[in-house]
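Have a look at the structure below before the remarks.
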Amino acid sequence: MNQEQNLVNLDAVIELNPIGDKVLEQTASQLFFIPFMTPDKFAESIGLSKGVVGGWIDQGYLPTAKIGRYRMINMVVLVTNLKEGKVL
C-alpha cells in the first residue's frame, strides 16, 4: 500500500457515516467539540475498525495524549491539523 492510499479526508468519512436515521453533513470542526476521545469511540464514530485506528495511532497519523493510564486521541490537534489542510 502506497502513501497516497493511507491518506484519509476525515470530512468525507464523516459525511458518509450515518448516525441514527440522519447522515452527518457537518464539518469536523462542528462535530468534534470534545478535547479527547478514546480510540474505540473514535473508531466507532467514523465507522472504521478498532484495528485501523490503532494502526493509525501506532504510525503517528492521529495525535494522542496520555491521560492517566489511557491513551486518548487529541481531537483539538486533529481538527486543527485538518483545518490547516493536513491529511492523515
Could you go through region 35-50 in sequence order and give the Karplus-derived ³J(HN,Hα) for each residue, using 6.51 cos²θ - 1.76 cosθ + 1.60 with θ = phi - 60°, rounded to whole Hz, and x for Gly and Pro? x, 9, 9, 5, x, 5, 5, 4, 4, 4, 6, 9, x, 10, 6, 5
May I ask for the net charge around ASP40, where only other residues with Cβ less than 12 Å from the Cβ of ASP40 are counted and Lys, Arg are +1 while Asp, Glu are -1? +2
Placing each pseudo-label 7 Å from Cα in the direction of the beta carbon, LEU88 and ILE34 end up separated by a distance in nanometres of 1.7
Mind listing the long-range amide H neighbours of LEU62? Cut-off is under 5 Å, sequence gap 5 or more, other chains count too, H placed in the peptide plane at 1.01 Å from N. ILE57
Theoretical gain in end-to-end length, LYS41 to TYR61 [0.36 nm per residue, Cα-Cα removed]: 5.5 nm
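Coordinate-derived values only; no laboratory data. Bear in mind that the values here come from a model prediction, so they are computed numbers and not experimental data. Note that we place each Cβ from the backbone using ideal geometry, even for glycine, and neighbour counts take in every protein chain shown.
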